[in-house]
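K.L.:
Below is the structure I would like to discuss, written out as C-alpha cells.
The values are calculated or read from the model by the stated rules, or taken from the named source; none is laboratory data. Quick caveat, the model's predicted, so the values are computed rather than measured. Virtual Cβ from ideal backbone geometry, glycine too; neighbours counted across all protein chains shown. Each accessible area value is taken on the protein alone, full model and side chains, heavy atoms only, with ligands, DNA and RNA left out. Shrake-Rupley method; radii C 1.70, N 1.55, O 1.52, S 1.80 Å.
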Amino acid sequence: MLPFQDLKKTNARFMDACIGAAGRVLRSGRYINGPEVEHFEKEMAAKFGVRDCVGVSTGLDALRLILLAYKELGRLHDGDEVIVPANTFIATFLAVTHCGLKAVAADIDETTFCLDFDRLPLSGNTRAVIPVHLYGRVYWDVESVKRLRDRGILIIEDCAQAIGAEAPESGINGTRQAGSLGDAAAISFYPAKNIGAFGDAGAVLTNDDELASRVRMLANYGAPEKYVHEFCGFNCRLDELQAALLSEKLPYLSEISEARRQNAALYDSLITNPDVIKPQYPSHSLSHVWHQYVIRHPRRDELREFLRANGIATEIHYPVPCHKQPCYSNHPLLKTPGDLLTSEKLAGEILSLPIADVSEEEIRIIASIINQFYA
Ligand SMILES: *Cc1c(COP(=O)(O)O)cnc(C)c1O
C-alpha cells in the first residue's frame, strides 16, 4: 500500500542535521524561552518580510492568541462576528468560538476552494475575516480586502497550509508572501504540513508590534517579565527543541514547494479521465505550494475505493464542512446566514491524492489507475 504521506520519508533528508540540532538543545540545559526560539523567530520574520514572529505551540493556538490579543487590545469584543470559510480544518472555527466570538460560515468558490470574496456574509457586526489559503493556494483579492479594511474589518490569514506561497498581488503591507498579507497570520508546523515539526508547533506573524507583544505575553502566562502577570495568559509556547529542528528545515522551504509543484504538474499532465476535475490554479504558479492536490469526481467514494483496492491511499479534506460537524449543532456561536451549497457539494466530490515525497513513477501509477476508472 502506498501511504498517503510517509513522514519518515519526508524527514529522511533532514535526519542528520536534526539529530545534531536536537543533541545541541538536549545538552544545553535550556528548553524554554531560549536562543533557539529567538533565532527561529528572527529567521521566520525575515523570510516572510514581517516585523514580528512569535513562535507558539500549535496552529490552533496561533489563531486563538491572535483573536484573544485583539480582544485585549479592544479591537474585538465578545459576540463579534468573524467570517470563516465552511470548508477548512475545524481549527479555524474552533479558534473563533473558543474566544467567545461568533463564527460566521461562508461559502467557498468552486474553482479556488477558498472564501468567495464576492459572497461574504457581511453584517453590521462583522469585525474580522479569516481567509484560509486552502490546500496551499493563496487566495487574495486586493480590491475586496481594501473594501473590508475601509470598514475596519481585520484580515487574519489562516496560513497553516500555505507556508511559502506567494500571492499574485501585494497584501496590505506591500509584500506578497502568504502570511504577510493581512493584519496577522497563523502558521502551523503540524508534522504533515509543508514544513513540519517533530511534534506540535506554530507561529504568529504580524507587522503590528503591539499585537505581537500581546500575543507573546498571552502565550507565556500573560507575563511581560517573570512573575509579573498583566493578563490572564496561557502556556502556548514554542519550545527550544522544536524551534531548533524547524530551523534546520526552514531553509529548504522553496525546494519543498518546488518539488510539490512538479508533482502537481505531473498529475495535471497525466490524469486524462474526462470525469475528473483537476485543480484549476492561477497562472502565477508561485501562488500555490500544493499542500494538497485535490481532484473532484462525481463518484468520489467509488474512485477512492478503486484506488485503495489498487494499493493507493487517499484522503478527503474535508468530508464534512465545519458547520455540519456534531460539535456545532445548535452551537450559540455558530452562524450560517446564507446557503453553503458549494461547500456542501464539494465535500462529496473532493479527493486528495498523495503529493508529498511521491516519485514520478508513483505518480504515473496513480494517474493510470485513475484513468482506468470507468474508462
Ligand atoms: C493544520 C491546520 C490548522 C491547525 O494547526 P495545528 O498546528 O494542527 O493546530 C489550522 N487551520 C488549517 C487550515 C490547518 O490545515
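K.L.:
Show me 98-109, 319-330, 155-166 ranked by packing, highest mean number of other Cβ atoms within 10 Å first.
P.N.:
Values: 98-109: 22.2, 319-330: 14.9, 155-166: 26.7.
Packing proxy ranking, top to bottom: 155-166, 98-109, 319-330.
K.L.:
Let me ask something additional. Note down the accessible area of LEU341, probe 1.4 Å, to the nearest 10 Å².
P.N.:
Approximately 110 Å² of LEU341 is accessible to the 1.4 Å probe.
K.L.:
Kindly sort ARG308, ARG149 by accessible area of their heavy atoms, largest first, with the probe set to 1.4 Å. Please report the intermediate quantities before stating the final value.
P.N.:
Working: ARG308 120, ARG149 95 Å².
Descending accessible area places them as ARG308, ARG149.
K.L.:
Sort out for me the Cα centre separation of the stretch 88-167 from the stretch 174-194, rounded to whole Å.
P.N.:
Each part reduced to its Cα centre gives a spacing of 13 Å.
K.L.:
Over the chain, calculate the relative contact order: mean separation of alpha carbon pairs under 8 Å at least 6 apart, over the residue count, as a percent.
P.N.:
Values: 779 pairs, mean separation 86.5, N = 375.
Normalised by residue count, the contact order of the chain is 23 percent.
K.L.:
How would the stretch 1-71 be classified by its alpha-carbon gyration tensor: rounded, prolate or oblate, with rounded meaning a/c under 1.5 and the a/b versus b/c comparison settling the rest?
P.N.:
On the way: a/c = 2.02, a/b = 1.29, b/c = 1.57.
Oblate, because a/c is 1.5 or more while a/b does not exceed b/c.
K.L.:
Search the structure for amide H atoms under 5 Å from the amide H of TYR190, placed 1.01 Å from N in the peptide plane, and list their residues when 5 or more places away or on another chain.
P.N.:
Long-range HN contacts for TYR190: GLY59, ALA197, ALA201.
K.L.:
Name the residue from LEU181, TYR374, MET44 whose Cα lies farthest towards the positive end of the charge dipole of the chain, charges +1 on Cβ of Lys and Arg and -1 on Cβ of Asp and Glu.
P.N.:
Going by the charge dipole, the pick is MET44.
K.L.:
Please say if the stretch 36-118 is rounded, prolate or oblate, where rounded means a/c under 1.5 for a ≥ b ≥ c the square roots of the C-alpha gyration tensor eigenvalues, and otherwise the choice is prolate for a/b larger than b/c and oblate otherwise?
P.N.:
On the way: a/c = 2.21, a/b = 1.38, b/c = 1.60.
In terms of gyration-tensor shape, oblate.
K.L.:
Let me ask something else about it. Kindly work out what percent of the DSSP beta bridges joining two residues of the chain are antiparallel, to the nearest 5.
P.N.:
If we restrict to bridges inside the chain, about 60 percent are antiparallel.
K.L.:
Which shape class, rounded, prolate or oblate, goes with the stretch 223-322 when its Cα gyration tensor gives a ≥ b ≥ c as root eigenvalues, a/c under 1.5 marks rounded, and past that a/b bigger than b/c marks prolate? Please list the in-between numbers first.
P.N.:
Values: a/c = 2.80, a/b = 2.00, b/c = 1.40.
Prolate, because a/c is 1.5 or more and a/b exceeds b/c.
K.L.:
Moving to a separate point now. Ignoring ligands, DNA and RNA, how do THR92, THR175 rank by accessible area with a 1.4 Å probe, largest first?
P.N.:
These residues rank, largest area first, as THR175, THR92.
K.L.:
I would also like to ask the following. Suppose every K and R has +1 on its Cβ and every D and E has -1 on its Cβ; what is the size of the dipole of the stretch 289-375 about the Cα centre, in Debye to the nearest 20?
P.N.:
Numbers: 9 positive and 11 negative charges, 71 e Å.
Using only the charged Cβ atoms, the result is roughly 340 debye.
K.L.:
Give me the net charge for the shell around ALA375: Cβ to Cβ below 15 angstrom, other residues only, Lys and Arg +1, Asp and Glu -1.
P.N.:
Details: positive: ARG299; negative: ASP275, GLU302.
Net charge around ALA375: -1.
K.L.:
Now for a different question. Restricting to DSSP H runs of at least four residues, report the calculated mean residue ellipticity at 222 nm for the chain, -39500 (n - 2.57) per run over all residues, nearest 500 deg cm²/dmol. Don't skip to the answer; put the middle values down first.
P.N.:
Details: 12 runs with 135 residues, N = 375.
So the helix-based figure for the chain works out to -11000 deg cm²/dmol.
K.L.:
If I ignore ligands, DNA and RNA and count only protein heavy atoms, how much of SER57 is accessible to a 1.4 Å probe, in Å² to the nearest 10?
P.N.:
My reading of the accessible area for SER57 is about 20 Å².
K.L.:
Could you list the GluC sites (Glu not before Pro) in the stretch 226-257 that lie in coil according to DSSP, counting only those with at most 16 other Cβ atoms within 10 Å of their Cβ?
P.N.:
Details: sites: GLU230, GLU240, GLU248, GLU255; in loops: GLU230.
Within the stretch 226-257, the qualifying GluC sites (Glu not before Pro) (loop, at most 16 other Cβ atoms within 10 Å) are GLU230.
K.L.:
Counting pairs of alpha carbon atoms under 8 Å apart in space and at least six apart in sequence, what relative contact order in percent does the stretch 224-375 give?
P.N.:
Values: 132 pairs, mean separation 49.5, N = 152.
So the answer I get is 33 percent.
K.L.:
Report the Rg/Rh value for the chain, based on alpha-carbon coordinates and the Kirkwood definition of Rh.
P.N.:
Numbers: Rg = 20.5 Å, Rh = 21.2 Å.
For the chain, the value is 0.97.
K.L.:
Return the carbon/sulfur percentage of the accessible area of the stretch 201-276, one whole number, probe 1.4 Å, all protein chains in place. Don't jump to the answer; show the numbers that get you there.
P.N.:
Details: 1750 of 3400 Å².
Accessible surface attributable to carbon and sulfur in the stretch 201-276 totals 51 percent.
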